[in-house]
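Chemist: So that we are looking at the same thing, I have put the structure below in structure tokens.
Derivation of every value follows stated rules applied to the coordinates shown; laboratory data play no part. These numbers were taken from a predicted model, which means no experiment stands behind them. With ideal geometry, Cβ positions are generated from the backbone for all residues, glycine too; neighbour counts draw on all protein chains shown.
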Amino acid sequence: METLTSAAGAAHVARGSLLLRVLSAIGCLAVAAIHVIDQGGLVGTKDPQYVRILYYALEAAGVAAAALILIRPARVGWFFTLGVAAGPILGYVLSRGPGLPNYTDDVGNWTEPLGIISLVVEGVLLILATAGLLTSRRRAA
């Protein structure tokens with residue numbers, strides 16, 4: 001009987017882990033998509049150039065993190081996912097607060113609708129990634 005209970009518990013944990021991974025992957029892809037929309041498409045029109053490059057890096061990281069956590073839920077994938085969530089939050093605060101070098105277009109623009117949507121998605125993803133990291137730590141221990 002104990003074996004059945006253990007097997008059922010393991011199956012429940014596996015389903016929960018899969019759901020966490022799928023939701024996190026969707027979140028990573030959503031962050032990438034939001035930033036593609038914000039930059040004006042895949043080619044992008046953000047200036048200065050370093051901001052455009054940061055957008056491209058975030059978009060690529062979002063796709064890579066989604067693939068990593070779906071293929072193999074290792075800690076590196078969860079850390080990558082944390083970066084996809086936290087990086088744009090930091091960029092939002094800096095670009096709306098003091099501004100970035102040669103990029104002051106968004107200073108004070110705290111209520112831009114796409115920015116708010118992005119913050120919500122990134123906040124949820126931050127929570128999911130933290131849960132995934134904690135879960136992977138427990139499994140490793």
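Chemist: How long is the gain from residue 47 to residue 33 if the chain were fully straight, where each residue apart is worth 0.36 nm and the alpha carbon distance is subtracted?
Modeler: Additional length available on full extension: 3.2 nm.
Chemist: Neighbouring Cβ atoms within 10 Å as the yardstick, rank 78, 110 fewest first.
Modeler: In increasing order of surrounding Cβ atoms, one gets 110, 78.
Chemist: Still on this structure, please answer the following. If you line up the long axis of helix 113-140 against the longest principal axis of the chain, both from Cα atoms, how many degrees apart are they, to the nearest 10?
Modeler: Helix 113-140 sits roughly 30 degrees off the main axis of the chain.
Chemist: Ranking 71, 34, 117 by Cβ neighbours within 10 Å, fewest first, what do you get?
Modeler: Listed from fewest to most nearby Cβ atoms, that is 71, 117, 34.
Chemist: While we're looking at this one, here's another question. Tell me the mean residue ellipticity at 222 nm calculated for the chain from its helices only (DSSP H runs of n ≥ 4, each -39500 (n - 2.57), averaged over every residue, nearest 500).
Modeler: Counting only the DSSP helices, I get -28000 deg cm²/dmol.
Chemist: Explain nothing, just compute: Karplus ³J(HN,Hα) = 6.51 cos²θ - 1.76 cosθ + 1.60, θ = phi - 60°, for every residue of region 88-100 in order, whole Hz, x for Gly and Pro.
Modeler: 3J(HN,Hα) across region 88-100, in whole Hz: x, 5, 4, x, 4, 4, 5, 6, 8, x, x, x, 10.
Chemist: Let me ask something else. Cα atoms only: what Rg and Dmax, in Å, come out for the chain?
Modeler: When restricted to the Cα atoms of the chain, Rg and Dmax are 17.8, 67 Å.
Chemist: Oh, and also: With θ set to phi - 60° and the Karplus curve 6.51 cos²θ - 1.76 cosθ + 1.60, what are the ³J(HN,Hα) couplings of region 63-80 in order, to the nearest whole Hz, using x for Gly and Pro?
Modeler: Calculated HN-Hα couplings, in order: 5, 5, 5, 4, 5, 4, 6, 7, 6, 8, x, 7, 4, 4, x, 6, 5, 4 Hz.
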